[in-house]
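Structure, as structure tokens:
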Amino acid sequence: MKILAADGIAKKGIELLQKDFEVDVKDKLPAEELLEIIPQYDAIIVRSASKITKEVIDRAENLKIIGRAGVGVDNIDIPAATAKGIIVINSPGGNTIAATEHTMAMMLSMSRNIPIANETTQKGEWNRKKYTGVELRGKTLGIIGMGRIGSGVAKRAMAFDMDVIGYDPYLNEERAKALDVKVVSLDELIEKSDFITVHMPINDETRDMINKDNIAKMKDGVRLINCARGGIINEQDLADAVKSGKVAGAAIDVYTKEPPTDNPLRGLDHVVLTPHLGASTVEAQIGVSLDVAHGIKAALSGQPVSTAVNMPPVSAKAMSMIRPYLSLAERLGVMAQDLSDGAVRQVEAEYDGKITEADTRMVTMAVLKGILSPVLETNVNYVNAPGLADERNIDVKETKNAKKPAGFDSLISVRVNTDKDSIIIKGALFGEQGRIVDINDFRVDVDPHAELMVCPHENRPGIIGTVGTLLGQEGINISSMEVGKTSREGTNLMVLTLDSPASKNVMRKVVALDGIVDAKRVDFSVLNK
């Protein structure tokens, strides 16, 4: 597999990938050349310079994963990637410290006039009175966006004896309490803060969040910091407010257009500008490159990636708990599809026992991947499975029951309702090994990694032997056999593990045998296509 590394990715991340893959390093890659060469690559790593547009994604014939060596992914068309089943990952934690410290550095530089004081002193001037600053101590800092970086800024600001208030529509009360931050509305934060720093992604909701209307509500002499994404603060409105004296100072690291050649903030007194340095530390560049390299290595090896932005976010702790269940869930889905008749209308994934302590949304996606893989030509993965199910009007439900199921620590049940029938398959882990333990109320113990033949049959002597004889005549060896038990009178279920696939002709012969109700082949190899 081939990987394209663009935009100056740190060497350590490249070296990690080169152990297993062919890696081409192309810094400052023109957009036209990217369009030309992208079809040959299985993965691409970018920072902020390269734009992974819908046009690029449409031309990417082999692309499986896009890695962003950093936090923001606004240079990647995520909906287009998701529709094509391409995983998009970032490095949410690799540059957290760097961005946090840069925010504090910008706040201090602005407050104490350090850039201009340095520039004039270097020229031989001595302007002590002219560049008198203000202290952070006792000031109110308003933080918009209390994620990793916003939380880090809060912690450091408190060390400067600042009063910290925060606004974040996604911050829960428990997390706010742990941070010792008073959570307020956006309006209250705007009205009460002496300093305001933004730490939000750029999207339709946050673009121009700080504009002339909001600035008018702020205290006279407020100071603003943006080390997040260009466009959250309207640059023209901010420039006008600095000129009028409403805003006493601004410290900006990111811009609507980069480089900011014609930016209205350039040349203004009391404005500190840096060239997007938030993540520019040696440690951060190594950190994000290694984070993304590990993610790409996992994805290209068929493993789930916890930092995918177009899948439900999964913490490292939760991933360690659900990882063993993912393969089992996929195989439960395959079996449910192969054993059912008709078009799938509804899928219900039910979780019982200890597994309910974890976020199981990715496990449900694994179930969908298994259900859809046997019937679709397209590659199905955790990214596009929900969208493919939605396109086919498949209703997907997830239920949990914390009570420990009899005989197991955890149990996954997959129920598939079609326009013709309904089937339920249950699975559990034995150590790290997944097993099928129930098929439509027939108790079994089956390894879901081999070629299977599932035959409901009349419960009377001779039936099993007849099937074995037929398969032997066809040159198909049975490596193991499981006979399911049920409370229903007169019926039983045999599950045969075969060393080679049974052809359609052989399956027809099995179904024609006296006492055989049906015979279905379960082919797990579809998960490898």
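The values are calculated or read from the model by the stated rules, or taken from the named source; none is laboratory data. Just so it is clear, the structure is predicted and the values come from calculations on it, not from any experiment. Cβ placement follows ideal geometry from the backbone for every residue including glycine, while neighbour counts extend to all protein chains displayed. Keep in mind that these areas ignore ligands, DNA and RNA; they rest on the heavy atoms of the full protein, side chains included. Shrake-Rupley method; radii C 1.70, N 1.55, O 1.52, S 1.80 Å.
Listing for the model above:
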| quantity | calculated |
| --- | --- |
| Under 13 Å, Cβ to Cβ, from Met158 - net charge with Lys/Arg +1 and Asp/Glu -1 | +2 |
| Theoretical gain in end-to-end length, Asp58 to Asn528 [0.36 nm per residue, Cα-Cα removed] | 166.9 nm |
| Neighbourhood net charge (15 Å Cβ-Cβ; Lys/Arg +1, Asp/Glu -1) for Ser410 | -1 |
| Cα-based helix-to-principal-axis angle, 148-159 vs the chain, degrees rounded to 10 | 40 degrees |
| Among the listed pairs Lys54/Lys317; Lys369/Lys420; Lys19/Lys317; Lys177/Lys217, those beyond 32 Å (Cα-Cα) | Lys54/Lys317 |
| Value at 222 nm in deg cm²/dmol, rounded to 500, when DSSP H runs of n ≥ 4 in the chain each add -39,500 (n - 2.57) | -10000 deg cm²/dmol |
| The chain: antiparallel DSSP beta bridges as a percent of all, rounded to 5 | 50 percent |
| Three-way shape label, region 87-126, alpha-carbon gyration tensor, a/c 1.5 | prolate |
| Acute angle (nearest 10 degrees) that the helix 316-339 long axis makes with the longest principal axis of the chain, alpha-carbon atoms | 40 degrees |
| Helix 361-372 axis, angle to the chain major axis (alpha carbon atoms, nearest 10°) | 50 degrees |
| Hull volume in cubic angstrom per residue (convex hull over the Cα atoms of region 314-413) | 97 Å³ |
| Label point 7 Å beyond Cα of Met481 along Cβ direction - residues of region 449-463 with amide nitrogen under 15 Å | 453-463 |
| Cα shape, region 200-266, gyration tensor, a/c 1.5 rule | oblate |
| Local electrostatic count at Asn118 - Lys and Arg +1, Asp and Glu -1, tallied over other residues with Cβ under 14 Å | +2 |
| Calculated FRET value between Leu35 and Arg392, using beta carbons and R₀ = 35 Å, to 0.05 | 0.65 |
| Rounded if a/c under 1.5, otherwise prolate or oblate - the chain, Cα gyration tensor axes | prolate |
| Taking the C-alpha atoms of region 56-193, convex hull volume expressed per residue in Å³ | 170 Å³ |
| Unit charges on C-beta of K, R, D, E only; dipole of region 1-79, Debye | 320 debye |
| Stretchable slack from Asp269 to Lys2, in nm (0.36 nm times residue separation minus alpha-carbon distance) | 91.2 nm |
| Paramagnetic label zone (point 7 Å from Cα along Cα-to-C-beta, Lys400; backbone N under 13 Å) in region 361-385 | 361-364 |
| Selection from Gly462, Phe195, Asn62, by position along the positive dipole direction of the chain (Cβ) | Phe195 |
| Label zone at Asn172, where the point sits 7 Å out along the Cα-to-Cβ direction: region 303-345 residues whose backbone N lies under 19 Å | 312-322 |
| Potential lengthening between Asp204 and Lys11 on full extension [0.36 nm per residue; Cα-Cα distance subtracted] | 66.0 nm |
| Fraction of accessible area attributable to carbon and sulfur, the chain (%, probe 1.4 Å) | 48 percent |
| Per residue accessible area in Å² of the chain, where ligands, DNA and RNA are left out and the probe is 1.4 Å | 47 Å² |
